[in-house]
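Just so it is clear, none of the values below were taken in a lab; they were calculated from the coordinates. No experiment lies behind these values; they were computed from the predicted model shown. FYI the Cβ positions are ideal-geometry reconstructions off the backbone, even for glycines, and counts take in every protein chain you see.
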């Protein structure tokens, strides 16, 4: 069953450009190097360019857990952890009921 993870966070103003550059690489690595990562989207709030939303879909929860053990995940956390402004929210869902495509 697909496993979806969403996370919302704010980045310190002085780190937005660097965080954006790093997260683009991280998302690309996740989708291209992890067979269990179906989608890895990152969106920026239109009213607050410091607020990011991550939306990730994995084939299974185990695939998400494997994602957190990859070298690029660990490197991302090391490089960007200090850039986050405050706490962040993480939501995990495992019962997708609709996924229409164009």
*Kirkwood Rh over Cα pairs of region 5-57 into Stokes-Einstein at 10 °C, 1.306 mPa s: D in µm²/s?*
137 µm²/s
*So what's the back-of-envelope 222 nm ellipticity for the chain, counting only DSSP H runs of four-plus at -39500 (n - 2.57) apiece and dividing by all residues, rounded to 500?*
-10500 deg cm²/dmol
*Going 7 Å from the Cα of residue 55 toward and past its Cβ, which residues in region 15-40 have a backbone nitrogen under 13 Å from where you end up?*
39-40
_Compute the helix-to-body angle for 16-33: its Cα long axis versus the longest principal axis of the chain, expressed 0 to 90° and rounded to tens._
20 degrees
*Order of 15, 82, 67 under a 10 Å beta carbon neighbour criterion, fewest first*: 82, 15, 67
*For the chain, what relative contact order do you get, as a whole percent, if you take Cα pairs closer than 8 Å and at least 6 residues apart?*
46 percent
*Round to the nearest 0.05 the FRET efficiency obtained for residue 47 and residue 82 when R0 = 25 Å and r is the Cβ-Cβ distance.*
0.50
*asked:* For the chain, take every pair of Cα atoms, bin their distances at 10 Å starting from 0, and report each bin as a whole percent.
replied: 14, 48, 31, 7
*Simple label model, 7 Å out from Cα along Cβ direction - residue 65 to residue 18, nm*: 3.4 nm
*Linear extension gain, residue 99 paired with residue 39, 0.36 nm per residue minus alpha-carbon span*: 20.4 nm
_With Cα atoms, 0 to 90° folded angle of helix 71-80 axis to the chain main axis_ = 30 degrees
*Using the 10 angstrom Cβ neighbour count as an exposure proxy, how do 22, 9 rank, fewest first?*
22, 9
